[in-house]
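Below: the structure, in C-alpha coordinates.
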Amino acid sequence: MSRRWLFGTGAATAVAALLVTSSPASANTKAAAPAATPAKVSNALLHAWLRRDRAAAAKVATPSAVKSIFSYAYRAPDEFAGCVGNTCRFIHTSVRVPGGLNGLLMIVSGSKVTTVYQSRHVTKPAVVAKHLFTAWQKGDRSLGLEVATRKVVTRLFRTKYDPKGVTYYFQGCTKETKGYSCAYSYDGGAMLMHLKGSVNRGYDVQSLSYLAD
(Lines give C-alpha, C1' and ligand atoms only; values in the text may rest on other atoms or scores of the structure.)
Protein backbone atom coordinates (compact mmCIF):
# COMPACT_ATOMS: atom_id res chain seq x y z
CA MET A 1 0.00 0.00 0.00
CA SER A 2 1.29 3.49 -0.78
CA ARG A 3 2.72 5.17 2.29
CA ARG A 4 0.80 8.38 1.57
CA TRP A 5 -2.45 6.51 2.27
CA LEU A 6 -1.40 5.28 5.66
CA PHE A 7 -1.97 6.95 9.00
CA GLY A 8 0.85 9.41 9.66
CA THR A 9 1.71 11.35 12.79
CA GLY A 10 2.15 14.56 10.80
CA ALA A 11 -1.31 14.24 9.30
CA ALA A 12 -2.68 13.37 12.72
CA THR A 13 -1.38 16.61 14.20
CA ALA A 14 -2.77 18.68 11.35
CA VAL A 15 -6.21 17.12 11.39
CA ALA A 16 -6.45 17.44 15.15
CA ALA A 17 -6.03 21.18 14.78
CA LEU A 18 -8.73 21.28 12.10
CA LEU A 19 -11.34 19.25 13.94
CA VAL A 20 -11.20 20.56 17.49
CA THR A 21 -13.82 23.16 18.39
CA SER A 22 -13.50 24.89 21.74
CA SER A 23 -15.42 27.54 23.66
CA PRO A 24 -13.55 29.70 26.22
CA ALA A 25 -15.08 29.75 29.68
CA SER A 26 -16.01 33.07 31.16
CA ALA A 27 -13.28 34.60 33.31
CA ASN A 28 -15.79 35.44 36.02
CA THR A 29 -17.90 32.29 36.13
CA LYS A 30 -17.08 28.66 36.61
CA ALA A 31 -17.53 26.73 33.36
CA ALA A 32 -20.19 24.06 33.46
CA ALA A 33 -19.31 20.56 32.30
CA PRO A 34 -20.07 20.32 28.56
CA ALA A 35 -22.97 18.13 27.53
CA ALA A 36 -22.04 14.80 25.95
CA THR A 37 -23.38 15.57 22.48
CA PRO A 38 -22.71 13.12 19.62
CA ALA A 39 -20.33 15.63 18.03
CA LYS A 40 -18.26 16.03 21.19
CA VAL A 41 -18.18 12.30 21.94
CA SER A 42 -17.17 11.33 18.40
CA ASN A 43 -14.48 14.03 18.25
CA ALA A 44 -13.13 12.88 21.61
CA LEU A 45 -12.72 9.37 20.23
CA LEU A 46 -11.10 10.62 17.04
CA HIS A 47 -8.57 12.71 18.95
CA ALA A 48 -7.76 9.86 21.33
CA TRP A 49 -7.04 7.71 18.28
CA LEU A 50 -4.88 10.44 16.73
CA ARG A 51 -2.81 10.44 19.93
CA ARG A 52 -2.77 6.63 19.91
CA ASP A 53 -4.23 6.83 23.43
CA ARG A 54 -6.31 3.70 23.97
CA ALA A 55 -7.05 4.56 27.60
CA ALA A 56 -8.63 7.87 26.60
CA ALA A 57 -10.50 6.16 23.77
CA ALA A 58 -11.93 3.59 26.18
CA LYS A 59 -13.53 6.41 28.20
CA VAL A 60 -15.67 7.52 25.26
CA ALA A 61 -16.21 4.30 23.29
CA THR A 62 -17.09 0.65 23.71
CA PRO A 63 -14.32 -1.96 23.39
CA SER A 64 -15.51 -2.97 19.90
CA ALA A 65 -15.55 0.67 18.73
CA VAL A 66 -12.03 1.23 20.10
CA LYS A 67 -10.80 -1.92 18.36
CA SER A 68 -12.38 -0.82 15.10
CA ILE A 69 -10.95 2.70 14.94
CA PHE A 70 -7.48 1.54 15.97
CA SER A 71 -7.49 -0.90 13.05
CA TYR A 72 -8.13 1.83 10.46
CA ALA A 73 -5.69 1.28 7.58
CA TYR A 74 -5.63 4.77 6.09
CA ARG A 75 -4.36 8.08 7.38
CA ALA A 76 -6.79 10.17 9.40
CA PRO A 77 -9.79 11.76 7.68
CA ASP A 78 -9.23 15.51 7.43
CA GLU A 79 -12.77 16.88 7.73
CA PHE A 80 -15.55 16.56 10.30
CA ALA A 81 -18.74 16.25 8.22
CA GLY A 82 -21.05 16.73 11.19
CA CYS A 83 -23.73 14.58 12.80
CA VAL A 84 -27.23 13.58 11.79
CA GLY A 85 -28.94 12.50 14.96
CA ASN A 86 -26.49 10.17 16.69
CA THR A 87 -24.53 9.37 13.51
CA CYS A 88 -21.31 11.35 12.94
CA ARG A 89 -18.92 11.32 9.98
CA PHE A 90 -15.27 12.12 9.39
CA ILE A 91 -14.32 12.18 5.71
CA HIS A 92 -11.31 12.36 3.41
CA THR A 93 -10.95 15.31 1.07
CA SER A 94 -7.50 14.50 -0.32
CA VAL A 95 -7.30 10.69 -0.33
CA ARG A 96 -9.41 8.26 -2.34
CA VAL A 97 -10.41 5.15 -0.40
CA PRO A 98 -12.56 2.14 -1.40
CA GLY A 99 -16.29 1.95 -0.69
CA GLY A 100 -18.90 4.63 -0.13
CA LEU A 101 -18.12 5.73 3.45
CA ASN A 102 -15.08 7.82 2.51
CA GLY A 103 -13.65 7.66 6.02
CA LEU A 104 -15.19 6.94 9.42
CA LEU A 105 -18.81 6.83 10.55
CA MET A 106 -19.54 6.68 14.28
CA ILE A 107 -22.75 5.75 16.07
CA VAL A 108 -23.08 7.45 19.46
CA SER A 109 -25.29 6.40 22.36
CA GLY A 110 -25.24 8.70 25.38
CA SER A 111 -21.64 9.43 26.31
CA LYS A 112 -20.02 6.68 24.22
CA VAL A 113 -19.40 5.70 20.63
CA THR A 114 -20.87 2.22 20.26
CA THR A 115 -20.00 1.46 16.63
CA VAL A 116 -17.34 2.64 14.21
CA TYR A 117 -17.80 1.91 10.51
CA GLN A 118 -14.76 2.44 8.34
CA SER A 119 -13.50 2.43 4.77
CA ARG A 120 -11.75 -0.90 4.51
CA HIS A 121 -8.57 -2.00 2.79
CA VAL A 122 -9.49 -5.53 1.66
CA THR A 123 -7.11 -7.30 -0.71
CA LYS A 124 -9.15 -10.46 -1.41
CA PRO A 125 -12.20 -10.10 -3.71
CA ALA A 126 -14.05 -13.00 -2.05
CA VAL A 127 -13.78 -11.31 1.35
CA VAL A 128 -15.25 -8.11 -0.10
CA ALA A 129 -18.18 -9.98 -1.68
CA LYS A 130 -18.97 -11.88 1.51
CA HIS A 131 -18.77 -8.68 3.56
CA LEU A 132 -21.32 -6.98 1.33
CA PHE A 133 -23.60 -10.01 1.34
CA THR A 134 -23.47 -10.17 5.16
CA ALA A 135 -24.37 -6.47 5.34
CA TRP A 136 -27.40 -7.16 3.13
CA GLN A 137 -28.46 -10.07 5.32
CA LYS A 138 -28.26 -7.83 8.39
CA GLY A 139 -30.01 -4.92 6.69
CA ASP A 140 -27.00 -2.74 7.57
CA ARG A 141 -26.33 -0.19 4.82
CA SER A 142 -23.37 1.39 6.62
CA LEU A 143 -21.68 -2.01 6.85
CA GLY A 144 -22.22 -2.42 3.11
CA LEU A 145 -20.74 0.99 2.37
CA GLU A 146 -17.47 -0.15 3.94
CA VAL A 147 -16.79 -2.23 0.80
CA ALA A 148 -19.19 -1.01 -1.90
CA THR A 149 -20.19 2.22 -3.62
CA ARG A 150 -23.36 4.06 -2.64
CA LYS A 151 -24.92 3.18 -5.99
CA VAL A 152 -24.37 -0.53 -5.37
CA VAL A 153 -25.70 -0.41 -1.81
CA THR A 154 -28.78 1.52 -2.91
CA ARG A 155 -29.55 -1.03 -5.61
CA LEU A 156 -28.89 -4.10 -3.45
CA PHE A 157 -30.95 -2.83 -0.52
CA ARG A 158 -33.99 -2.03 -2.67
CA THR A 159 -34.90 -5.65 -1.99
CA LYS A 160 -34.89 -6.77 1.62
CA TYR A 161 -33.03 -10.01 2.27
CA ASP A 162 -35.53 -12.74 3.12
CA PRO A 163 -34.07 -15.51 5.33
CA LYS A 164 -37.07 -17.67 4.43
CA GLY A 165 -36.73 -17.02 0.72
CA VAL A 166 -34.38 -18.52 -1.84
CA THR A 167 -31.02 -19.79 -0.63
CA TYR A 168 -27.90 -18.04 -1.97
CA TYR A 169 -24.73 -20.03 -2.66
CA PHE A 170 -21.37 -18.32 -2.99
CA GLN A 171 -19.69 -19.49 -6.20
CA GLY A 172 -16.37 -17.70 -5.82
CA CYS A 173 -14.72 -14.97 -7.88
CA THR A 174 -13.33 -14.94 -11.41
CA LYS A 175 -11.02 -12.48 -13.12
CA GLU A 176 -12.61 -9.90 -15.42
CA THR A 177 -11.03 -7.43 -17.84
CA LYS A 178 -10.94 -4.65 -15.25
CA GLY A 179 -11.30 -6.50 -11.96
CA TYR A 180 -13.23 -9.47 -10.59
CA SER A 181 -16.74 -10.86 -10.70
CA CYS A 182 -17.98 -12.65 -7.57
CA ALA A 183 -21.16 -14.71 -7.91
CA TYR A 184 -23.98 -15.80 -5.63
CA SER A 185 -26.29 -18.33 -7.27
CA TYR A 186 -29.85 -19.11 -6.26
CA ASP A 187 -32.74 -21.11 -7.64
CA GLY A 188 -33.67 -19.23 -10.78
CA GLY A 189 -30.57 -17.15 -11.35
CA ALA A 190 -27.48 -15.49 -9.91
CA MET A 191 -26.27 -12.19 -8.52
CA LEU A 192 -22.89 -10.95 -9.75
CA MET A 193 -20.81 -8.44 -7.81
CA HIS A 194 -18.28 -6.63 -10.01
CA LEU A 195 -15.19 -5.47 -8.14
CA LYS A 196 -12.43 -3.09 -9.11
CA GLY A 197 -9.21 -2.06 -7.39
CA SER A 198 -5.87 -3.66 -6.66
CA VAL A 199 -3.96 -5.33 -3.85
CA ASN A 200 -2.25 -1.99 -3.21
CA ARG A 201 -5.46 0.09 -3.10
CA GLY A 202 -7.89 -2.61 -1.98
CA TYR A 203 -11.04 -3.83 -3.76
CA ASP A 204 -14.64 -2.66 -3.59
CA VAL A 205 -17.89 -3.58 -5.32
CA GLN A 206 -18.65 -0.99 -8.01
CA SER A 207 -21.59 -2.58 -9.82
CA LEU A 208 -24.14 -5.42 -9.66
CA SER A 209 -25.74 -7.54 -12.35
CA TYR A 210 -28.23 -10.40 -12.30
CA LEU A 211 -28.61 -13.51 -14.42
CA ALA A 212 -31.82 -15.49 -14.92
CA ASP A 213 -31.94 -19.19 -15.79
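The values are calculated or read from the model by the stated rules, or taken from the named source; none is laboratory data. For clarity, every value in this text was computed on a predicted model and none was experimentally measured. Please note that ligands, DNA and RNA were not included when accessible areas were found on the heavy atoms of the full protein model with its side chains. Shrake-Rupley method; radii C 1.70, N 1.55, O 1.52, S 1.80 Å.
Below, the figures for the structure above:
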read-out	value
Area accessible to solvent at residue 91, 1.4 Å probe radius, in Å²	30 Å²
Spatially proximal aspartates and glutamates relative to residue 124 (Cα-Cα < 16 Å; intrachain offsets below 8 disregarded)	146, 176, 204
For segment 89-201: rounded, prolate or oblate by the Cα gyration tensor [a/c cutoff 1.5]	oblate
Mean-position separation - Cα centroids, segment 89-120 and segment 51-80, in angstrom	10 Å
Solvent-accessible area of residue 177 with every protein chain in place, 1.4 Å probe, in Å² to the nearest 10	140 Å²
Apportionment of accessible area to carbon and sulfur, segment 154-209, percent (1.4 Å)	49 percent
Under 29 Å from the Cα of residue 130 - lysines, other chains or at least 8 residues apart	67, 138, 151, 160, 164, 175, 178, 196
Where 160, 175 fall by accessible area, highest first, once all protein chains stay in place (1.4 Å)	160, 175
